[in-house]
Amino acid sequence: MASPGDVWVVVEQHDGVAAEVSLELLGRARELAGRLGVGTGAVLAGASEAVRALAPALIARGADTVYLADREDLGDYLALPYTRLVAGLVRTHGPQIVLYGATTTGRDLAPRVASALRTGLTADCTDLRIGDFSAQGETYSDLLFQIRPAFGGNIIATIVSPEHKPQMATVREGVMVMPEADDSRTGTVVTVPVERSSAPVASADRIVLTDTDFAVRLVKRVQEEKRVDLKGARVVVSGGVGVGSREGFALVEELARTLGGVVGASRAAVDAGWVGHEHQVGQTGTTVRPKLYIACGISGSVQHRAGMDQSARILAINSDPGAPIFSVAHYGIAGDLHKVIPLLIQAYRTKA
Ligand code: FAD
């Protein structure tokens, strides 16, 4: 049953398919709500049978209440109507936490909602927890700890919003673990009353979309298929600055091919132009959680490792025995990757 103080996820969907990050966030919302002893909510907007059919799937992944805004004019994401919808729902129902995927849409919508509600927002969190916070003689209980690398990755910052509600954060895809669907879960679907008016309506307790909210019209949506599936890969073989050149990446590719894996890269290798951005692993690339991660010539910066701690096994190959990657790796080989990788390939092929 919906109540003030719930933990919400603003769900992103395209053609009735929920974004994976929204489902991942529902799992974490469920955990946070469990700590707080409250319920979970999912905000879902769209206009098709497929969108309506999504509600049970959201409940199965952790939502107790789905707020469904089922309207033709909300069929595609548009910044102004969606901001009015989410801000209006928050004002009406008073959740204490609202989470968004750090997608193009989430990064557009969340700051607008934060501004409309005069509250804060932490972008690209790599962890979310509940905890107490004391400052200037005051203690605030059960706040959302919004955790992310800051100052160029030199610190891991815990950001809190003690005085403004809701507490809001965006999280990138792959950072939270996808919850199993539990089809035995039950929940409520609340149909959100949304009105439309040609002129602005000053009312805090109604959600009224005005014609000026639709000043922008979506003419065409072009979606490129992902060419590299780093997130779903069981084995990722990544190269960094230590690879030395674009040609050097052939060695990384060969090891990936030999192991049936996908090629990843550090941002420095991408910035050097040795490999495309779609291969970048980390905070501003793709969060990976494969069974086996092989880091070749990568120092192991906090941004590169963002979200990777739960990788089953990390194997690091680095010529510097003091490289930070060795402190998180399960297996380490201190040596020149140009010598080590061919030996690994040979050993694997001969099943040594
Ligand atoms: P380096 O740090 O230069 O390390 C190269 C390593 O190769 C060294 O440890 C060296 O000992 C080793 N080496 C050299 N030669 C050899 C050899 N022959 N054999 C074996 N080892 C060798 N980085 C990411 O990767 N992903 C991100 O998403 C990301 N996002 C960022 C976001 C922000 C806001 C910021 C500020 C930075 C971000 N970075 C990211 C950059 C990050 O901080 C590091 O600069 C980057 O990861 C370093 O890449 P690297 O390990 O390849 O290079």
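For segment 228-243, which residues satisfy the criterion of being within 13 Å of the ligand (Cβ to nearest atom) and in contact with a strand residue (DSSP E or B) (Cβ under 8 Å, 6 or more places away or on another chain)?
Correct list: L230, V236, S238, G239, G240, G242, V243.
Name every residue in segment 75-110 that is outside any helix (DSSP H, G or I) and closer than 26 Å to R148 by Cβ, in order of residue number.
Scanning segment 75-110 gives Y77, G94, P95, Q96, I97, V98, L99, Y100, G101, A102, T103.
Considering each residue of segment 326-346, count those that are under 23 Å from E247 (Cβ atoms) and of a type in the set (A, V, I, L, M, F, W, C), and give that number.
7
From the list R221, R227, R148, pick out the single residue that is surrounded by 11 or more Cβ atoms within 10 Å (Cβ to Cβ) and either in contact with an Asp or Glu (Cβ under 6 Å, 6 or more places away or on another chain) or outside the structural domain of E72 (by TED's automatic domain parsing) (or both).
Unique residue meeting the criteria: R148.
Yes or no, residue by residue, for (1) more than 10 Å from the ligand (Cβ to nearest atom); (2) without any contact (Cβ under 8 Å) to a residue 12 or more places away in the chain; (3) within 25 Å of the chain's Cα centre (by Cα):
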| site | (1), (2), (3) |
| --- | --- |
| R257 | yes, yes, no |
| G264 | no, no, yes |
| A272 | no, no, no |
| V281 | no, no, yes |
| A316 | no, no, no |
| L337 | no, no, no |
| L343 | yes, yes, no |
| R349 | yes, no, no |
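Within the group T119, T139, T170, which residue is in contact with a His (Cβ under 8 Å, 6 or more places away or on another chain) and either of a type in the set (S, T, N, Q) or within 16 Å of the ligand (Cβ to nearest atom) (or both)?
On inspection, the qualifying residue turns out to be T119.
State yes or no: is P111 away from the ligand (no atom under 16 Å from the Cβ), under 19 Å from the mean Cα position of the chain (by Cα), closer than 25 Å to R52 by Cβ and of a type outside the set (A, V, I, L, M, F, W, C)?
For P111, the condition - away from the ligand (no atom under 16 Å from the Cβ), under 19 Å from the mean Cα position of the chain (by Cα), closer than 25 Å to R52 by Cβ and of a type outside the set (A, V, I, L, M, F, W, C) - is not met.
Looking at T126, T139, which is the one that is farther than 27 Å from T92 by Cα and surrounded by fewer than 17 Cβ atoms within 10 Å (Cβ to Cβ)?
Exactly one of T126, T139 is farther than 27 Å from T92 by Cα and surrounded by fewer than 17 Cβ atoms within 10 Å (Cβ to Cβ), namely T139.
V208 versus (1) part of a strand (DSSP E or B); (2) within 16 Å of the ligand (Cβ to nearest atom): which is the lone unmet condition?
Result: V208 passes all but (2).
If I ask for residues that are assigned to a helix (DSSP H, G or I) and in contact with a Lys or Arg (Cβ under 8 Å, 6 or more places away or on another chain), which ones from segment 268-319 would you list?
Of everything in segment 268-319, those that are assigned to a helix (DSSP H, G or I) and in contact with a Lys or Arg (Cβ under 8 Å, 6 or more places away or on another chain) turn out to be E278, Q303, H304.
Would you point out which residue out of A116, A45, A69 is surrounded by fewer than 19 Cβ atoms within 10 Å (Cβ to Cβ), in contact (Cβ under 8 Å) with a residue 12 or more places away in the chain and either closer than 18 Å to V190 by Cβ or not basic (K, R) (or both)?
A116
Which condition from (1) out of contact with any strand residue (DSSP E or B) (no Cβ under 6 Å at 6 or more places or on another chain); (2) within 8 Å of the ligand (Cβ to nearest atom); (3) more than 16 Å from I156 (Cβ to Cβ) is the one that H277 breaks?
For H277, the failing item is (2).
When the residues of segment 283-304 are filtered to those that are farther than 24 Å from S245 by Cβ and more than 8 Å from the ligand (Cβ to nearest atom), which remaining residue is surrounded by the fewest Cβ atoms within 10 Å (Cβ to Cβ)?
Per the stated criteria, the residue is K291.
How many of the residues making up segment 145-156 are more than 15 Å from R172 (Cβ to Cβ) and modelled with pLDDT of 95 or more?
Qualifying residue count for the region: 1.
For segment 260-267, check the following and say yes or no: at least one residue is assigned by TED's automatic domain parsing to the domain that holds A334, touching a Lys or Arg at 6+ places or on another chain (Cβ under 7 Å) and in a helix (DSSP H, G or I).
There is no residue in segment 260-267 that is assigned by TED's automatic domain parsing to the domain that holds A334, touching a Lys or Arg at 6+ places or on another chain (Cβ under 7 Å) and in a helix (DSSP H, G or I).
The values are calculated or read from the model by the stated rules, or taken from the named source; none is laboratory data. The structure presented is a predicted model; accordingly, all values stated were derived computationally and were not measured. Glycine gets a Cβ as well: all are built from the backbone with ideal geometry, and neighbour counts include every protein chain shown.
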